[in-house]
Ligand SMILES: N[C@@H](CCC(=O)N[C@@H](CS)C(=O)NCC(=O)O)C(=O)O
């Protein structure tokens with residue numbers, strides 16, 4: 001096994017980055033500078049023609065898309081319990097992961113990269129505030145998931161083990177601060193994210209990616 005992860009600091013690639021770090025396996029974290037357009041270079045497009053992170057490469061074979069990468073990591077590191085094994089709990093965790101990836105994540109993309117959705121400046125300008133409101137509502141939904149996990153005595157979103165939902169939750173909350181949604185808007189979510197960030201493997205990834213959790217606060 002030879003694992004390599006293409007990631008960008010603070011991007012959604014944080015999710016597989018955390019899982020790989022938790023696994024204790026050797027892997028090569030390889031940074032892609034999205035702000036410099038490295039994802040559009042011929043070399044990177046040969047790895048992922050869609051020009052996005054994350055890409056996990058194992059023994060020279062690339063896997064794109066967070067959902068596929070998470071399922072693969074869950075399969076090759078079964079001892080980690082990244083996803084629950086009980087069928088209903090597993091389906092619920094995958095349902096939340098799919099929602100995060102196909103709804104919450106693209107909503108933020110409308111705020112951060114509106115040029116991907118319209119070539120008209122006035123439409124782009126309108127997309128930002130509208131999607132910020134939607135994203136704020138989704139952070140509220142995430143806070144509801146955190147609160148119901150706590151009410152059920154679950155330490156993490158999918159049960160007893162820290163996993164992809166928790167890492168994605170941290171990423172979205174951090175992105176929210178970048179979009180002007182302060183931590184105080186969702187105090188229970190913010191408390192939870194701090195707990196996720198304090199886990200040793202997560203803390204190592206935060207340090208490697210040099211992340212500040214609250215992007216609205218002075219550095
Ligand atoms: N559905 C994709 C989303 C990947 C994605 O949106 N990646 C962003 C970073 S969070 C990216 O690489 N953006 C660079 C670009 O689109 O130019 C996945 O699950 O991997």
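Read-outs: derived from the displayed coordinates by stated rules, not from any lab. What you are looking at is a predicted structure, and each value in this text was computed from that prediction instead of being measured. Here the Cβ positions follow ideal geometry from the backbone for every residue, glycine too, while neighbour counts run over all protein chains shown.
Restricting 29, 62 to residues that are in contact (Cβ under 8 Å) with a residue 60 or more places away in the chain, under 25 Å from residue 206 (Cα atoms), surrounded by fewer than 19 Cβ atoms within 10 Å (Cβ to Cβ) and touching a helix residue (DSSP H, G or I) at 6+ places or on another chain (Cβ under 8 Å) narrows the list to 29. For region 1-25, filtered to residues that are more than 10 Å from the ligand (Cβ to nearest atom) and assigned to a helix (DSSP H, G or I), the residue that is surrounded by the fewest Cβ atoms within 10 Å (Cβ to Cβ) is 23. A single member of 118, 85 is more than 16 Å from the ligand (Cβ to nearest atom) and over 18 Å from residue 15 (Cα atoms), and it is 85.
With respect to the conditions (1) in contact with a helix residue (DSSP H, G or I) (Cβ under 7 Å, 6 or more places away or on another chain); (2) within 17 Å of residue 209 (Cα to Cα); (3) crowded, with 22+ Cβ neighbours inside 10 Å, residue 73 lacks only one, and its number is (2).
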